[in-house]
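Engineer: I have a structure here, written as structure tokens, and I will follow up with some questions on it.
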Amino acid sequence: MTEIKEELARAATMLDLGRYDEASTLLARLVSAEPGSGRAWCLFARAHLGADRFADAVEAANRAAAIEPSEEWPHRLASNALMHLGNHGEALRAAAESRRLAPGYWQTHVCVAQAALAAGQPAIAATAATEARKLAPNEPDVHFLSGKVALARGDLDGARGHQERALALDPTHSGAMNELGRIRLRRHDTIGAIKHFISAARTTPGEHIYSRNIDVVIVRSVSRMIYVFVLIAMILLWIPAVAHTGRLPLAIGFGALSAATLASFAIMVSRLPKEARQLARRTVLSRRVTSALAIAFGGVALAFAAVAFVPSDALPQTLPVAIIITIVARVIATARLRAPLGPNPPGNRTTPTQPLPPSRRRSLPAKTNAVVIAGKASSGSIISGP
Amino acid sequence: MEPEPLLDSLRNAVTAMPDDVPLRLHLATMLMRAGQRDEAVRHLGAVLQREPGNAEAMRMLTAPAEAPGRPAPAEAEASPERALSSPSPAPATPPAADRPAGTPDAKTPEVGPPQPDEVDADDQADGYDWSQAENELRDVLPTMFVGEAGSVSAGLDEARAYDAENTGLTLADVAGLDEVKKRLEAAFLAPMRNPDLRKLYGKSLRGGLLLYGPPGCGKTFIARAVAGELGARFITVSFADLIDMFVGRSERNIHELFEVARRNAPCVVFLDEVDAIGQKRSQLRNTPMRSAVNQLLLELDDVASDNTGVFLLAATNHPWDVDSALRRPGRFDRTLLVLPPDGPAREGVFRYHLRERPVAGIDLGKLSRLTDGYSGADIAHVCETAAERALLDSVKRGEPRLIGQTDLEAAVGEVRPSLGTWFETARNVALFANEGGAYDDLVAYLRKRRLI
């Protein structure tokens with residue numbers, strides 16, 4: 001008995017340290033030797049979760065639940081794993097079961113809030129978050145999740161309040177810093193958002209979501225720049241037809257538009273913090289961004305050339321073609337920007353869309369992609385044991 | 001039931017290629033089917049030694065023992081009733097045939113293993129040696145780098161015996177890495193080896209050296225070489241030992257470790273993966289772990305004040321996770337970045353891993369160029385893959401052939417360098433967390449490689 005307890009303690013320590021593979025190996029041995037230990041299966045499920053083996057986590061959690069039907073922890077673990085598998089209905093049901101078994105335990109309410117949020121039911125999430133705050137008003141993760149719920153409901157002020165409260169309780173809560181960045185972004189404050197993402201990345205450099213979020217913001221700014229550029233270009237293309245001007249004013253207009261667009265982007269980049277400027281330079285010089293810019297500017301230049309060099313009597317036929325070229329260029333450029341994030345560091349041949357490695361901090365990373373500013377899927381306390 | 005000749009052939013193949021994980025798994029599956037679970041478990045243990053996270057091996061280990069003739073776990077899992085959302089059959093009181101050999105009967109206490117004498121009785125009854133299996137599976141952590149295979153762990157086991165060994169290595173045994181050696185000499189070895197000059201310049205011996213860098217790049221090997229250079233004994237404390245400290249009487253274990261080092265002076269104490277024990281205390285929720293860190297700090301200060309020839313070395317892949325208290329002056333106040341192997345080092349690693357294999361016509365220079373950015377562990381994997389390729393080809397042809405350059409080049413194409421994740425984190429550190437220039441050498445390297 002003592003030996004099993006010690007081995008379980010060893011496994012729990014490994015999990016606390018983020019050593020999921022070693023813990024899995026030890027726990028595989030433990031559950032083989034002691035298949036009736038619900039705690040061993042719970043820890044095994046937690047190890048699988050940490051290593052992104054979600055189906056295995058569900059199976060281990062179900063085993064634990066079968067062994068100890070009155071325990072709430074297996075259901076929380078199952079809920080978290082099911083959420084990662086995209087099975088939000090089942091995740092919410094498992095979370096509700098954990099709450100039914102331990103209604104006085106704040107983690108079960110946070111689990112319900114998280115599952116409801118993932119299932120697109122913010123009203124249920126808000127009720128659960130409120131209950132969790134009543135039970136644990138000084139728990140940063142509760143405020144962190146409450147902020148996420150508020151953001152999902154469009155309550156930006158409420159979301160900011162909760163995240164600031166989480167940070168006041170735990171100044172190293174990088175998840176809350178990231179959420180504050182997301183809130184700034186919703187307010188169209190790109191610079192402020194990036195500053196928050198930088199704070200998060202500085203606090204937890206092992207969590208790659210934050211620096212990727214900075215990348216995403218920069219790419220989004222490029223995308224917006226292309227959009228504005230193309231929109232103004234389409235208006236300018238009508239000038240020869242309306243005002244019967246020559247080529248020179250059109251060329252000047254195109255040049256001025258290009259210069260103004262690039263200048264506005266340069267000003268935006270120059271206002272970024274130094275660290276983000278380095279990252280911005282790298283992102284802008286990446287293949288997908290340079291190719292998107294080349295496509296957009298090339299398409300618009302082609303459209304302007306077509307309008308400028310055709311005889312004035314052929315203008316009515318050429319103008320629609322020029323407009324179509326401009327729109328197509330914009331669509332292709334935007335699609336190019338939506339390609340997976342990159343480039344990867346040399347030596348890293350994995351694609352950025354592959355699952356991220358388990359976080360070394362006490363929370364699970366959300367999967368991220370090129371167009372979504374990623375928040376954290378969950379707080380670590382949701383899956384930690386009672 | 002599998003025919004015995006087939007099993008014999010597989011056993012021979014595994015003996016010839018002990019590191020071939022798929023082959024071992026296949027043999028284990030066949031043994032399970034044949035009802036020879038004991039031997040299968042041994043092979044699964046060997047698999048986990050090589051690949052600690054191998055899901056297939058863990059699944060087979062955790063699957064209940066099957067009676068001979070019943071479908072193997074791999075087949076059973078494919079059945080549709082194992083739906084994810086529905087709970088698995090409760091294993092609390094499984095039928096006797098479904099319980100692994102040695103599992104306590106339902107009538108015995110529900111939780112906890114049987115008493116030791118009961119285990120022995122069971123072992124004898126069913127012929128299965130659980131303690132042997134446990135020993136085989138105990139040290140499942142992978143070694144970081146070549147040269148570790150023969151090392152003797154300090155071993156914080158029940159007897160709490162610490163082995164101080166003579167490594168017999170020097171920096172001359174480390175291929176390449178001239179830059180690292182130069183910095184090591186300046187930062188650590190020169191003051192240690194020249195006590196008179198040290199006294200003249202008033203240089204104290206306080207403080208240890210923290211080696212950091214991506215995994216599988218030879219930090220442990222370099223630490224052993226440093227011990228050799230100093231003519232000192234070497235005590236290594238691995239991650240598993242550190243974990244034992246946490247779950248046992250941590251303060252006593254740590255104190256005893258340092259006592260042994262003092263008795264064996266001159267002695268190098270090497271704390272491998274020190275981020276495990278020295279993780280920022282704000283991140284440690286576990287009280288015993290926090291007290292272990294506090295005890296370690298006490299011992300470090302003792303070593304610093306009571307200078308009896310105990311040299312401290314530590315290694316970590318994540319220095320940014322190490323508690324700043326551990327890095328204050330007098331503790332691990334000097335850091336050394338151990339980077340992925342350079343060209344000559346890669347050649348050396350290839351030479352080492354191919355030295356006992358049948359090879360011909362190997363262009364080490366070309367292989368070294370092709371594997372820029374690979375860690376030593378990645379190169380070991382390349383050699384393993386090339387050997388596997390040659391073996392399979394030999395089986396196909398019906399005659400053995402030597403491992404050639406094409407095998408190795410093909411293996412390089414297959415094996416991806418594993419350092420991408422580490423460098424992504426390192427890039428974040430360099431960009432956002434290089435406070436006080438603590439990681440300037442890392443920044444310089446990343447700039448040189450155009451990673452930032």
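Engineer: Of all residues being small (Gly, Ala, Ser) and part of a helix (DSSP H, G or I) in the range A:306-340, which is farthest from A:Leu236 (Cα to Cα)? Just the residue, please.
Structural biologist: Of all residues in the range A:306-340, those small (Gly, Ala, Ser) come to A:306, A:308, A:312, A:314, A:322, A:329, A:333, A:335, A:339.
Narrowing further to those that are part of a helix (DSSP H, G or I): A:306, A:308, A:312, A:314, A:322, A:329, A:333, A:335.
Values: A:Ala306: 13, A:Ala308: 11, A:Ser312: 16, A:Ala314: 18, A:Ala322: 11, A:Ala329: 16, A:Ala333: 20, A:Ala335: 24 Å.
Checked the range A:306-340; the qualifying residue farthest from A:Leu236 (Cα to Cα) is A:Ala335.
Engineer: Let me ask another. Any idea which residue in the range B:405-437 is nearest to B:Arg355 (Cα to Cα), counting only those that are within 12 Å of chain A (Cβ to nearest Cβ) and among the small types (Gly, Ala, Ser)?
Structural biologist: Looking at residues that are within 12 Å of chain A (Cβ to nearest Cβ) and among the small types (Gly, Ala, Ser), I get B:Gly413.
Engineer: Considering the range A:175-212 alone, what residues qualify as being within 14 Å of another protein chain (Cβ to nearest Cβ) and not in a helix (DSSP H, G or I)?
Structural biologist: Within the range A:175-212, A:Thr204, A:Pro205, A:Gly206, A:Glu207 meet the criteria.
Engineer: Kindly evaluate B:Leu391 against the criterion of being assigned to a helix (DSSP H, G or I) and modelled with pLDDT of 90 or more. Don't jump to the end; show me each part of the working.
Structural biologist: Numbers: assigned to a helix (DSSP H, G or I): yes; modelled with pLDDT of 90 or more: yes.
Spelling it out, B:Leu391 is indeed assigned to a helix (DSSP H, G or I) and modelled with pLDDT of 90 or more.
Engineer: Give just the number: which of (1) without any contact (Cβ under 8 Å) to a residue 24 or more places away in the chain; (2) more than 26 Å from A:Leu272 (Cβ to Cβ); (3) surrounded by 13 or more Cβ atoms within 10 Å (Cβ to Cβ); (4) not small (Gly, Ala, Ser) does B:Glu399 not satisfy?
Structural biologist: So B:Glu399 meets the others, but not (3).
Engineer: So in the range B:317-348, with the set limited to residues that are closer than 17 Å to B:Asn434 by Cβ and among the β-branched types (Val, Ile, Thr), which one is modelled with the highest pLDDT?
Structural biologist: Looking at the filtered set, the residue picked out is B:Thr335.
Engineer: Looking only at the range A:240-256, how many residues end up being in a helix (DSSP H, G or I) and modelled with pLDDT under 80?
Structural biologist: Filtering the range A:240-256 for residues in a helix (DSSP H, G or I) gives A:240-243, A:247-256.
Cutting the leftovers down to modelled with pLDDT under 80 gives us A:240-243, A:247.
Summing the residues that are in a helix (DSSP H, G or I) and modelled with pLDDT under 80 in the range A:240-256 gives 5.
Engineer: From the list A:Ala233, A:Ala259, which residue is within 16 Å of A:Ala333 (Cβ to Cβ) and in a helix (DSSP H, G or I)?
Structural biologist: Of A:Ala233, A:Ala259, the one residue that is within 16 Å of A:Ala333 (Cβ to Cβ) and in a helix (DSSP H, G or I) is A:Ala233.
Engineer: Got a sec? Which of A:Thr204, A:Thr172 is within 22 Å of B:Glu424 (Cα to Cα), buried (at least 24 other Cβ atoms within 10 Å of the Cβ) and more than 14 Å from the chain's Cα centre (by Cα)?
Structural biologist: A:Thr204
Engineer: Please tell me if A:Gly147 is surrounded by fewer than 19 Cβ atoms within 10 Å (Cβ to Cβ) and assigned to a helix (DSSP H, G or I).
Structural biologist: For A:Gly147, the condition - surrounded by fewer than 19 Cβ atoms within 10 Å (Cβ to Cβ) and assigned to a helix (DSSP H, G or I) - is not met.
Engineer: Ok, one more. Here is a check on your reading of the model: is A:Thr172 within 14 Å of chain B (Cβ to nearest Cβ) and among the β-branched types (Val, Ile, Thr)?
Structural biologist: yes
Engineer: Do the conditions hold for A:Leu17, that is, is it hydrophobic (A, V, I, L, M, F, W, C) and in contact with a strand residue (DSSP E or B) (Cβ under 8 Å, 6 or more places away or on another chain)?
Structural biologist: Yes.
Engineer: Could you please let me know if B:Val429 is farther than 30 Å from A:Thr172 by Cα, buried (at least 20 other Cβ atoms within 10 Å of the Cβ) and β-branched (Val, Ile, Thr)? Give the steps one after another, and end with the answer.
Structural biologist: Working: farther than 30 Å from A:Thr172 by Cα: no; buried (at least 20 other Cβ atoms within 10 Å of the Cβ): yes; β-branched (Val, Ile, Thr): yes.
So B:Val429 does not fit the description; no.
Engineer: Would you pick out the residues in the range A:5-59 that are closer than 26 Å to B:Val293 by Cβ, among the aliphatic types (A, V, I, L, M) and facing another protein chain (nearest Cβ under 7 Å)?
Structural biologist: Selection gives A:Ala9, A:Met14, A:Leu17, A:Ala51.
The values are calculated or read from the model by the stated rules, or taken from the named source; none is laboratory data. Note that the coordinates shown come from a computational prediction; the quantities given were computed from them, not determined experimentally. For neighbour counting, all protein chains shown are included, and Cβ atoms are generated from backbone atoms with ideal geometry for every residue, glycine included.
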